[in-house]
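Participant: What follows is a structure written as structure tokens; I'll ask about it next.
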Amino acid sequence: MWTCKKCTFENDAVERACAMCSETDPAILLQLQREEEELQVVTALKRKWDEDDARSSVFEEWEDGEDDAVVTTGNSSTSSGQQRSSVNNHPGAASVSTSGVAGLTTQIADIIRLGGGMAGRTVRLCTPSLVYFAQRDSYTCGYRNLQMLLSSLPQGDPKWTCALQKFSNGRFSVLFVTTQIFNTRARRHCAFGVRAAAGPRAGMEGWIR
Amino acid sequence: MPSVYELQQALELAWKDGFDKQGSKQLGERVVGTRKWIGASDVATVLRWAGIHAELYDFTVARGSNGTHPDLFNFVADFYTTPKAKGEAPSSALSALMKSGSTPTATNTDLPPIFLQHFGHSRTIVGVDIRSSDKNDAHLLILDPAFSQSKQIALRQRPIPIVRTGRPSVTLLRGVRVEASRLVAKQYQLVVVKGLYPSESARLASKLLTSIQIT
């Protein structure tokens, strides 16, 4: 709602000019313009993410209980291991507590590229394979950040496999095999498949300065 | 992904193998099944134990105005503009950064995130946002596990918040972009993954945890 300064009529928020006297308010016009700009950004982002979704059919999330980790796949779609859909769209979502979501850094990059207001700035992000983990208990922040760090390491690279398996008694590889067996439509149906399909990273030489 | 429980197990195994004995004592040599907090040194310890070369950096002096840490910003900016990131030719990244025009560019590199610790909490640095014409005008891109995904990126909120600044990207990413004035803790620690240890002897040599002081 906005109030016309001329006739004090209470207009609906979407009205560009006063419905009673046709008076326009520059501040309201500016606000509407900005909202339109943002709508364009959001629309462009959603279009891009939908296009990405169309190329792949992946929905992944990590449920991280106190003693187990599960990769689930469902009907909602993402590409390159990126979650695009609301958790509530996932079958059985009510019983799934998502604490790990892939693709957040790619989404950040998308927003910067397609959004406005960051002209003249350059953004450098870490590897897109990072999975975002939110904490449910206050004491777990260190563990959640460690999980984010581990998720960004190149699981598909044999050189790293040995190191990463040490964290879960070989279940990194078990998880990889299992998800491929149960999800035969495409290897990219799980993050590990995506990473493996993409080939090992260039290795660690790029990380040493 | 290893669970919290598995990470706790890994940390105890690292201690049993003789990694970071001092840290082990501080936490009573036991962490599995407890609600004990772990910090940057514990993260570095468990990574080293697994054979991952992790360095610990200490930023103990706030050199900037109002208690800010420009050294920390410079360190992260240098890290993410390292010449070998994403197949770029040596020495080209920073110069390209400075020369780039008004169009914003966002690049995902092959670099890992950085573990950021300060008193009482830790976060994950996932990138840096620099004004092309002024390297000192930088924001860090930080994910905070204390917030939900929708808090990190406003686009995930329902309903989507209204942008009133005319700068949609800035508004949508306000939960992620952190400017220097918001990092004013007395000291910070970073854990930076630099690759794998080249040999078993190098891994074993990393048992004693030391940090690099940035002063």
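The values are calculated or read from the model by the stated rules, or taken from the named source; none is laboratory data. None of the values given here were measured: they were computed from a predicted structure. Methodologically, a virtual Cβ is constructed for each residue, glycine included, from the backbone with ideal geometry; neighbour enumeration extends over all protein chains shown.
Participant: Would you say residue B:173 is at pLDDT 75 or above and in contact with a Leu (Cβ under 8 Å, 6 or more places away or on another chain)?
Facilitator: In short, yes.
Yes/no matrix, rows are residues, columns are (1) of a type in the set (S, T, N, Q); (2) assigned to a helix (DSSP H, G or I); (3) at the interface with chain A (Cβ under 9 Å from one of its Cβ atoms):
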| site | (1), (2), (3) |
| --- | --- |
| B:9 | yes, yes, yes |
| B:12 | no, yes, no |
| B:18 | no, no, no |
| B:28 | no, no, no |
| B:43 | no, yes, yes |
| B:55 | no, no, no |
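Participant: OK, next. Given A:187, A:121, A:195, which one is touching a Pro at 6+ places or on another chain (Cβ under 8 Å), surrounded by 15 or more Cβ atoms within 10 Å (Cβ to Cβ) and modelled with pLDDT under 50?
Facilitator: A:195
Participant: Tell me, which residue of the stretch B:169-215 that is farther than 22 Å from residue B:112 by Cβ and of a type in the set (Val, Ile, Thr) is surrounded by the fewest Cβ atoms within 10 Å (Cβ to Cβ)?
Facilitator: B:215
Participant: Between A:144, A:124, A:113, which is in contact (Cβ under 8 Å) with a residue 40 or more places away in the chain and within 7 Å of another protein chain (Cβ to nearest Cβ)?
Facilitator: A:144
Participant: Also: Can you work out which of the residues in the stretch A:126-150 that are among the small types (Gly, Ala, Ser) and more than 15 Å from residue B:125 (Cβ to Cβ) is surrounded by the most Cβ atoms within 10 Å (Cβ to Cβ)?
Facilitator: Top of the filtered list is A:129.
Participant: From the set of residues in the stretch B:132-160 that are more than 9 Å from chain A (Cβ to nearest Cβ) and touching a Leu at 6+ places or on another chain (Cβ under 9 Å), which is modelled with the lowest pLDDT?
Facilitator: Among residues in the stretch B:132-160 that are more than 9 Å from chain A (Cβ to nearest Cβ) and touching a Leu at 6+ places or on another chain (Cβ under 9 Å), the one modelled with the lowest pLDDT is B:154.
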